[in-house]
Every structure is written in C-alpha cells, then in structure tokens.
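Written out below as structure tokens is the structure these notes cover.
FYI, it's all coordinate maths here, none of it is from the lab. Values in this document were obtained by computation on a predicted structure and should not be read as measured data. Quick reminder, even Gly has a Cβ in these numbers, built from the backbone with ideal geometry, and neighbours come from all protein chains shown.
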Amino acid sequence: MTRYDLWFLLLLIAGTVGTGIGVVYTKYLSRIEFAELQALRLERQELEVRWGQLRLEEAALTTHPRVEAKARKLLGMRLPQDGDVRVIKGK
C-alpha cells in the first residue's frame, strides 16, 4: 500500500465518520424541531378553542335585549314618547 493509498483511505474514513456524525446531528435537530412543532400545534388548538369560547361569549353579551336592558339601567335611556319625536320636512 502506497502512501497515497493510505492518505486516501484515511480521507475516506474521516469522510464516513464525518457523514455519520452529520446524519446523527441532523436527526437530533429534526427531533427537536418536530417536538417544537407539536407544541405549537397544541397551542394553536388551545387558542382556537379559546377564540370559539370568546365568540360565544361575545354573542351572548351583545344580544339586543341585553344591550337594551343595560342602556335602560345604567344610562337611563328610554324609548322616545310621541311628544319627543319631531319630523323635519325638507324641500
């Protein structure tokens, strides 16, 4: 075996070991990223559930009878009487 063959063999071994380490490291990084992806999906799902709850709550709080009752109670508002309404005629 010549000196050139020995260097070539060492280069191949180093390349193989380096490639193996690269594959293992890449697999490790992909597992970390996958775990983060799963956590983000779970968070998105929880946020979607919360958003649905908030929309239901908003729908319940903004019904016309509820708004009218709050306006009467808190702001003292009432429907106008016949004498309170004035009609302005245009040209």
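Placing pseudo-labels 7 Å out from each Cα toward the beta carbon at V67 and L79 gives an inter-label distance of 1.7 nm. Placing a label point 7 Å from the Cα of R31 along the Cα-to-Cβ direction, the residues of segment 1-24 with a backbone N closer than 17 Å are 20-24. Using alpha carbons only, what's the Rg to Rh ratio of the chain with Rh from Kirkwood? Rounded to two decimals, Rg over Rh is 1.72. Selection among I21, A59, F34 by position relative to the dipole of segment 3-74 gives A59 as farthest towards the positive end (Cβ unit charges, Cα centre). Spin-label model, L54/I13: points 7 Å from Cα along the beta carbon direction are separated by 6.2 nm.
Please give the calculated 222 nm ellipticity per residue for the chain, where each DSSP H segment of at least 4 residues contributes -39500 (n - 2.57) and the sum is spread over every residue; nearest 500 deg cm²/dmol?
Working: 2 runs with 71 residues, N = 91.
After summing the helix terms and dividing by residue count, I get -28500 deg cm²/dmol.
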